[in-house]
Amino acid sequence: MAANRRLGVLISGRGSNLQALIAAIDSGQLDATIAVVISNREDAGGLERSRAAGIESIIMSHRNFGSRDDYDCALARALHARDVGLVCLAGFMRLVGAGLIDAFPNRILNIHPSLLPAFPGLDAQKQAIEHGVKVSGVTVHLVTAELDGGPIVVQRAVPVMPGDTAESLAARILEEEHRAYPEAIKVILDGRWRLEGRRFILARSPISAST
Ligand code: GRF
């Protein structure tokens, strides 16, 4: 069966990663369609980007739902109604729970601005500066119930320079994020991978497997 290449992108803020996905699709680098963008905040700057690209853009505020699970189930219904095959969290500032995760098993990606498992949670770049690491980076991972804890699909290292602030490091990491997210989505959609426990394993190509 052909992979469902319809993406649902969930945002809360400026949406630069969303913009990178739009650009990767427009340039032909990523064979996918963004079926819908959902923001939990009506003031998310990313909504202007998605509307400008002609993508259906919905505001679903978590404040209108009685519980986290009610909200997650409503997200899942909205995504399924648009035949979404892969959910991409792109600066979506909400913990997602079983109501969404179980509706899209191993079909939810998140991007995080550190080399996980270092510095999960908020302010990862500030955590990296304060810890004094010399290298940080970006991780794209499958979403599980554990915060920033699912199987790692793509990681890219980014140096921490002397004199870096959390802001300057964040800007350098962000450039790498914009390359890593389309790449990770392509890997997932191409389907030549499997999980062994929490390890994400790329299948060997038929050529390399026979040599
Ligand atoms: C990025 O740094 C991403 O890694 C993190 O939230 C930020 C979102 O930025 N999860 P943007 O909204 O995509 O510009």
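The values are calculated or read from the model by the stated rules, or taken from the named source; none is laboratory data. Since this is a predicted model, take the numbers as computed values, not measurements. Please note: Cβ atoms are built from the backbone with ideal geometry, for glycine as well, and neighbour counts cover all protein chains shown.
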Right, residue 113: surrounded by fewer than 19 Cβ atoms within 10 Å (Cβ to Cβ), within 14 Å of the ligand (Cβ to nearest atom) and modelled with pLDDT of 95 or more or not? no
Provide a single number: the residues in region 1-57 that are at positive phi and within 11 Å of the ligand (Cβ to nearest atom). 1
Can you name the condition, by its number, that residue 124 falls short on among (1) touching a helix residue (DSSP H, G or I) at 6+ places or on another chain (Cβ under 9 Å); (2) surrounded by fewer than 20 Cβ atoms within 10 Å (Cβ to Cβ); (3) within 27 Å of residue 155 (Cα to Cα)? (2)
Residue 89 touching a residue at least 12 places away in the same chain (Cβ under 8 Å) and within 24 Å of residue 32 (Cβ to Cβ): yes
So residue 138, is it within 24 Å of residue 22 (Cβ to Cβ), among the β-branched types (Val, Ile, Thr) and part of a strand (DSSP E or B): yes
If we scan region 68-80, do we find a residue that is modelled with pLDDT of 95 or more, surrounded by fewer than 16 Cβ atoms within 10 Å (Cβ to Cβ), out of contact with any Pro (no Cβ under 7 Å at 6 or more places or on another chain) and not in a helix (DSSP H, G or I)? no
Of all residues in region 108-129, which are touching a residue at least 24 places away in the same chain (Cβ under 8 Å) and either part of a loop (DSSP other than H, G, I, E, B) or hydroxyl-bearing (Ser, Thr, Tyr) (or both)? 113, 114, 115, 116, 117, 120, 121, 123
Quick check on region 141-171: of everything there that is of a type in the set (Gly, Ala, Ser) and assigned to a loop (DSSP other than H, G, I, E, B), which residue is farthest from residue 202 (Cα to Cα)? 163
